[in-house]
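Peer 1: One structure follows; several queries about it will come next.
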Amino acid sequence: MTSLPPLSGLRGRHYVTDMDFTHEELEALLELAVALKALRAKRRLTPFLPGRHLAMIFEAASTRTRVSFENGFAELGGNALYLRPGEIHLPGRETVGDTARTLSRMCDAIEIRTKKNETIEELARHASVPVINGMDANRHPVQSMSDMLTVLEHAGKLNGVTFAYVGDAAHPCNSLATTATKLGLNVRIGNAAGYEIGPDIRAAAAANAAASGGSFLLTNDPLEAIHDADFVYTDCWWWTGQEDEYKDRVAAFKPFQVNRELWSHTKPGAKFMHCLPAMRGEEVTDEVADSEASIIFPQAENRLHFQKALMLALIGIDELPADLDLQPIGRALLV
Ligand code: CP
């Protein structure tokens with residue numbers, strides 16, 4: 001039987017932000033994700049959580065997050081419930097605390113996509129089962145860790161990889177800044193002036209880089225960000241509720257568009273990443289999104305594999321099955 005010490009320490013914990021997790025715990029989750037992905041490729045069933053229930057609260061639309069959590073939990077042998085406002089009493093007719101206490105009696109974990117960080121933080125305070133962040137107002141930690149799985153697969157390592165993000169300081173950008181620096185990457189964030197990541201994220205990323213041996217750079221120059229990068233990542237320039245800012249945002253972010261010209265300045269062999277959905281023609285053009293350099297769909301698929309590992313670790317099983325082969329690529333992370 002196999003049981004990695006960092007994983008056994010994750011049982012019962014919330015995953016509201018990656019910042020609460022150690023470097024070793026994040027690496028162990030990636031190792032488990034690699035192993036689960038390998039089993040799925042062999043069409044091996046992984047019903048390690050039979051009879052368990054996942055509540056999925058979505059206050060906003062989703063394609064990848066919903067499908068990866070719902071199908072991922074089914075692949076682990078459990079049942080996932082999709083709960084939308086209007087179908088449950090949250091928000092408005094019941095407190096977050098009462099919702100958390102009720103769901104904790106009937107479910108083994110709660111995933112939530114919320115527009116307010118206070119909602120997930122209050123849910124976590126009152127829930128007695130793990131609460132998982134499926135994206136809040138400014139963080140997307142399941143996305144950033146799934147992205148690290150994608151980087152690991154393509155680079156064969158995380159330490160020393162140079163990872164650039166260009167565009168708006170939105171949810172994945174914030175989470176990538178802290179996750180990737182904790183895992184030892186050289187992180188280059190290129191945000192438009194006036195749209196930079198906040199001082200708390202900057203401070204956390206710089207501290208992480210100092211501890212991990214990685215590095216952290218924040219710049220307003222997209223070319224400085226992508227120079228020598230192994231991976232170049234972007235995301236949408238505007239979000240629902242920001243329609244009034246549309247013209248200003250498009251003007252500010254135009255130099256950050258990942259198009260053929262910008263791509264000509266990247267390192268040969270660099271890979272293009274995007275968390276999706278993409279606003280094609282805005283932050284990225286088809287010629288890059290559909291190019292050989294693009295790994296956006298393998299990246300989307302890795303949401304499934306990382307989140308299965310996360311749910312398994314947080315809900316917990318006593319020991320992993322003996323034939324859950326921890327792959328050398330994941331094992332190397334622990335060296
Ligand atoms: N990247 C992401 O979270 O996609 P969805 O909004 O489709 O879930």
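Peer 1: If the limit is 20 Å between Cα atoms, which of 42/308; 157/182; 42/182; 37/157 go over it?
Peer 2: 42/182
Peer 1: Continuing with the same structure: Counting only DSSP beta bridges with both residues in the chain, tell me the antiparallel percent, nearest 5.
Peer 2: 5 percent
Peer 1: Here is a follow-up. From the helices alone, meaning DSSP H stretches of at least four residues, give me the mean residue ellipticity at 222 nm for the chain, per-run term -39500 (n - 2.57), in deg cm²/dmol to the nearest 500.
Peer 2: Value at 222 nm, helices only: -12500 deg cm²/dmol.
Peer 1: Using only Cα atoms, what is the ratio of the radius of gyration of segment 113-198 to 2.2 N^0.38 Å?
Peer 2: 1.20
Peer 1: Using only Cα atoms, what is the ratio of the radius of gyration of segment 229-290 to 2.2 N^0.38 Å?
Peer 2: 1.15
Peer 1: Let me ask something else about it. In cubic angstrom, how much convex hull volume per residue do the alpha carbon atoms of segment 1-105 span?
Peer 2: Considering the Cα atoms of segment 1-105, their hull volume per residue is 139 Å³.
Peer 1: Would you mind checking which residues have amide H under 5 Å from residue 15's amide H? H placed 1.01 Å from N; only 5 or more apart, or other chain.
Peer 2: The answer is 131, 132, 133.
Peer 1: Label points 7 Å out from Cα along the Cβ direction at residue 94 and residue 40: separation in nm?
Peer 2: The modelled label-to-label distance comes out at 3.0 nm.
Peer 1: Over 10 Å intervals from 0, what percent of Cα-Cα pairs in segment 186-285 sits in each interval?
Peer 2: Pair shares across the bins are 14, 44, 34, 8, 0.
Peer 1: Using θ = phi - 60° and the Karplus relation 6.51 cos²θ - 1.76 cosθ + 1.60, list the HN-Hα couplings for segment 226-237 in order, rounded to whole Hz, with x at every Gly or Pro.
Peer 2: In residue order, the calculated couplings are 8, 3, 6, 7, 7, 9, 10, 10, 9, 8, 4, 8 Hz.
Peer 1: Could you calculate the contour length gain from residue 301 to residue 87, that is, 0.36 nm times the residue separation minus the distance between their Cα atoms, to one decimal place in nm?
Peer 2: 74.2 nm
Peer 1: Considering amide H positions built from the backbone, and no H for Pro or chain starts, which residues 5 or more places from residue 109, or on another chain, come under 5 Å of its amide H?
Peer 2: Sorted by chain and number, the residues that satisfy this are 53, 55.
Peer 1: Continuing with this model, one more query. HN-Hα J couplings of segment 25-32 from phi, Karplus 6.51/-1.76/1.60, θ = phi - 60°, integer Hz, Gly and Pro as x?
Peer 2: Per residue, the Karplus-derived 3J(HN,Hα) values read 5, 5, 5, 5, 5, 5, 4, 5 Hz.
Peer 1: So, one more: Rg(Cα) of the chain divided by 2.2 N^0.38 Å?
Peer 2: Working it through for the chain, the quotient is 0.96.
Peer 1: From the backbone phi of segment 252-260, what are the Karplus-calculated ³J(HN,Hα) couplings (6.51 cos²θ - 1.76 cosθ + 1.60, θ = phi - 60°) in whole Hz, Gly and Pro given as x?
Peer 2: Per residue, the Karplus-derived 3J(HN,Hα) values read 5, 8, 3, x, 9, 4, 8, 10, 4 Hz.
Peer 1: Tell me, what is the percent relative contact order of the chain, built from C-alpha pairs under 8 Å that lie six or more residues apart?
Peer 2: Relative contact order of the chain: 23 percent.
Peer 1: Tell me the trypsin sites (Lys or Arg not before Pro) within segment 34-84 that lie in a loop according to DSSP and have at most 13 other beta-carbon atoms within 10 Å.
Peer 2: Here the trypsin sites (Lys or Arg not before Pro) that fit, given the DSSP loop and packing criteria, are 42, 43, 44.
Peer 1: Which whole-number value in Å³ per residue fits the convex hull of the alpha carbons of segment 18-177?
Peer 2: Given the Cα convex hull of segment 18-177, per-residue volume reads 127 Å³.
Peer 1: Sticking with this structure for a sec: GluC sites (Glu not before Pro) within segment 35-92: which are DSSP loop residues with at most 15 other Cβ atoms inside 10 Å?
Peer 2: Those satisfying the criteria are 87.
Peer 1: Mind listing the long-range amide H neighbours of residue 215? Cut-off is under 5 Å, sequence gap 5 or more, other chains count too, H placed in the peptide plane at 1.01 Å from N.
Peer 2: HN-HN under 5 Å from residue 215: 186, 187.
Peer 1: What length, rounded to one decimal in nm, is gained on full extension from residue 264 through to residue 11, with 0.36 nm per residue of separation minus their alpha-carbon distance?
Peer 2: Once the chain is fully extended between residue 264 and residue 11, it gains 86.5 nm.
Read-outs throughout are calculated quantities, based only on the coordinates presented, and are distinct from any laboratory measurement. From a predicted model like this one, the values you see are computed outputs, not experimental measurements. Counting neighbours? That spans all protein chains shown, and the Cβs are built from the backbone with ideal geometry, glycine included.
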